[in-house]
Amino acid sequence: MPALRWIRRNLVVIAGLLTLAYMILPNIVVMVFSFNKPNGRFNYSWQRFSLDAWKDPCGVADLCGSLSLSLQIAFWATLGATALGTMVAFALVRYRFRARGAISSLIFLPMAMPEVVMAASLLTLFLNMGAQLGFWTVLIAHIMFCLSFVVTAVKARVMSMDPRLEEAARDLYAGPVQTFVRVTLPIAAPGIAAGALLAFALSFDDFIITNFNAGSSVTFPMFVWGSAQRGTPVQINVIGTAMFIIAVLMVLVGQLIANRRKSNARS
């Protein structure tokens, strides 16, 4: 049958499109319900179209405060994890030292460990140290679990680098700092950027570890969870939609820049 042959020939494409639709569908639902005006406290069923939530996204008490706190923590956690993770990745790839294999394995332990176990362990550590739970304990915890993902991304990039490029720079009398800034860093930049973006997304989205170690601080995921118990405001969908659009635009801009660089390199 022609239809069956067509399905077999395009099976991979069909599976890819279905998977993409499955991933995007929840975001579309969030976007649609950001224009809803529910009759009650819960924004779970469509009532009527409204732009009220978009006109006043901070109309719910503490929503923008929790969003600001999450952005601050994600920003500083990304900086810390990216800086430390980049140095660790270079050390693991470029240098030989004792217990290198063990350290490399331990770096990936937070990725395999259940979040609730890590959260309870960090809480126990902070309490035994007498630390005040709040912004700084959450920041330290986020840097710790984001570090593994940054190391993974940067290490893969550094391992694929051609050492002859750095040797050529040194042959042309470039110093160690100049070689790193002009040759090594630009080549490793995509891996560093990927690790940083992943760290930011993981830090901003985290709930379990944050909930254990936040004390009286309330981040945006904690606010969403608390709101779900007593009523979900439409403004949560507005914030989610805005973040989704920003993320998509960043991906599109990055793709356009990459395509332009490829076309310039070919010409």
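The values are calculated or read from the model by the stated rules, or taken from the named source; none is laboratory data. Just so we're clear, the structure is a prediction, and the values are computed from it rather than from any experiment. Cβ: placed from backbone, ideal geometry, glycine included. Neighbour counts: every protein chain shown. Note: accessible area is taken over every heavy atom of the protein model, side chains too, but ligands, DNA and RNA are not part of it. Shrake-Rupley method; radii C 1.70, N 1.55, O 1.52, S 1.80 Å.
Out of contact with any strand residue (DSSP E or B) (no Cβ under 9 Å at 6 or more places or on another chain), open to solvent by 30 Å² or more (accessible area, probe 1.4 Å) and either charged (D, E, K, R) or at pLDDT below 85 (or both): does that describe A83?
So A83 fails the test.
Checking the structure you have, find out if any residue of region 240-258 is in contact with a helix residue (DSSP H, G or I) (Cβ under 6 Å, 6 or more places away or on another chain) and crowded, with 18+ Cβ neighbours inside 10 Å.
Yes, region 240-258 has at least one match.
For region 209-219, what are the residues that are assigned to a helix (DSSP H, G or I) and either open to solvent by less than 20 Å² (accessible area, probe 1.4 Å) or without any contact (Cβ under 8 Å) to a residue 60 or more places away in the chain (or both)?
Scanning region 209-219 gives I209, T210, N213.
Checking D206 against (1) open to solvent by 50 Å² or more (accessible area, probe 1.4 Å); (2) in contact (Cβ under 8 Å) with a residue 40 or more places away in the chain; (3) of a type in the set (D, E), only one condition comes out false. Which one?
(1)
Name every residue in region 29-52 that is touching a helix residue (DSSP H, G or I) at 6+ places or on another chain (Cβ under 8 Å), assigned to a helix (DSSP H, G or I) and under 25 Å from D206 (Cα atoms), in order of residue number.
V30, M31, F33, listed by residue number.
Can you tell me which residue in region 36-52 is farthest from P233 (Cα to Cα), limited to those that are free of Cβ contacts under 8 Å to residues at least 40 places away in the same chain and aromatic (F, W, Y)?
Restricting to residues being free of Cβ contacts under 8 Å to residues at least 40 places away in the same chain and aromatic (F, W, Y), the top hit is F49.
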